[in-house]
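S.K.: Here's a structure for you.
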Amino acid sequence: MRKLQDRLLYRVVDIQHDILCDHGVRLPYKQAWIGKEVAKGILHGNDVASYDLLIWYASKVSETNPGFKRGCRPMLFLDGTHLLGKYGGILLGATAKDVYGEDDYHKIITFISDRSKGLVNAIAKVFPSAPHGYCLRRLQANFLKANGHLGKGLKDECWRLVVKIAYACTSSEYDATVGALLTASTQAHNWLFQKSDMMHWRNYLFRGQRWGEMYSNVAEFFNSWIKEARHLPVCNMVDAIRFKMMNLMYKRRENSMKWETHLCPEIHKKIEKTIEERDA
């Protein structure tokens with residue numbers, strides 16, 4: 001019981017191994033699995049009862065924690081991840097990053113996702129006027145697959161130009177790089193403009209603000225970070241995620257109290273390096 005409490009990912013085969021080592025008993029897999037399920041119920045409650053509490057839980061969060069809406073950041077990274085409990089399901093995670101300027105928090109939200117069909121349709125329906133940026137990683141996979149016959153050298157060069165097009169912020173840089181791609185490969189150029197939904201991944205002429213964020217890495221990291229919690233009954237899972245976030249914020253606050261610079265150490269070092277390079 002104690003090991004299962006400390007390790008949410010405690011596997012049945014590990015239970016069998018530990019019982020054999022500790023007690024010299026070879027426990028059948030099914031019996032070990034049943035024992036694990038019983039222990040999980042004692043520790044974390046019943047899955048059905050947890051779903052029954054979900055509506056109440058959501059209403060209490062809205063009532064007691066208005067900051068989730070009032071403090072919403074102007075850019076949200078969206079990604080769905082599979083729940084690993086008894087009834088499965090999908091958890092939609094919304095991860096934010098701070099941006100500069102208080103006025104930014106009153107503007108329309110920009111969404112960044114991996115372009116999954118469900119998210120594309122849902123954002124268009126619920127937030128029809130919100131800018132929706134696509135992650136470049138999905139574009140890369142589709143681009144390389146569609147242009148696989150070009151040969152590795154030419155294909156890599158074309159993708160380098162596509163990335164440059166995506167990051168271009170001015171019309172001159174954008175037009176010059178588009179021209180370079182057309183010269184390198186007419187087919188790659190045509191695929192890009194006809195099949196890739198350019199308005200959703202390029203910086204130039206993007207309807208909203210991307211603040212240089214071209215990938216949805218932060219959302220994917222969040223899904224990995226909460227992997228253990230995804231095995232729990234739904235309300236316990238939300239509580240476990242909340243606790244992890246509170247613990248992270250507390251540790252970062254304690255760490256920031258030790259800073260000897262006005263800015264965070266990483267940014268301070270970058271500024272110092274830039275000044276040194278300028279003076280040199």
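S.K.: Evaluate the stretch 25-40: report whether one residue or more is under 27 Å from residue 242 (Cα atoms), under 29 Å from the mean Cα position of the chain (by Cα) and in a helix (DSSP H, G or I).
M.R.: Checking the stretch 25-40: at least one residue is under 27 Å from residue 242 (Cα atoms), under 29 Å from the mean Cα position of the chain (by Cα) and in a helix (DSSP H, G or I).
S.K.: Shifting gears a bit: Which count do you get for residues in the stretch 139-166 that are under 16 Å from residue 198 (Cα atoms) and buried (at least 17 other Cβ atoms within 10 Å of the Cβ)?
M.R.: Residues flagged as under 16 Å from residue 198 (Cα atoms) and buried (at least 17 other Cβ atoms within 10 Å of the Cβ) within the stretch 139-166 amount to 8.
S.K.: When residue 231 is evaluated against the numbered criteria (1) modelled with pLDDT under 90; (2) within 19 Å of residue 115 (Cβ to Cβ); (3) surrounded by 18 or more Cβ atoms within 10 Å (Cβ to Cβ), which criterion, by number, is the only one it fails?
M.R.: (2)
S.K.: Identify the residue in the stretch 26-41 that is surrounded by 12 or more Cβ atoms within 10 Å (Cβ to Cβ) and of a type in the set (A, V, I, L, M, F, W, C) and, among all such residues, is farthest from residue 88 (Cα to Cα).
M.R.: Here the answer is 27.
S.K.: While we're on this one: In the stretch 171-280, which helices (runs of 4 or more DSSP H) lie fully inside it and hold 1 or more residues that are farther than 22 Å from residue 83 by Cβ and touching a residue at least 12 places away in the same chain (Cβ under 8 Å)?
M.R.: Here the list reads 171-184, 186-195.
S.K.: Let me ask something else. Give me a count of the residues in the stretch 121-155 that are assigned to a helix (DSSP H, G or I) and touching a helix residue (DSSP H, G or I) at 6+ places or on another chain (Cβ under 9 Å).
M.R.: Total meeting the criteria: 13.
The values are calculated or read from the model by the stated rules, or taken from the named source; none is laboratory data. Model, not experiment: these values are computed from the prediction. Here Cβ is always computed from backbone atoms with ideal geometry, including for glycine, and neighbour counts include all displayed protein chains.
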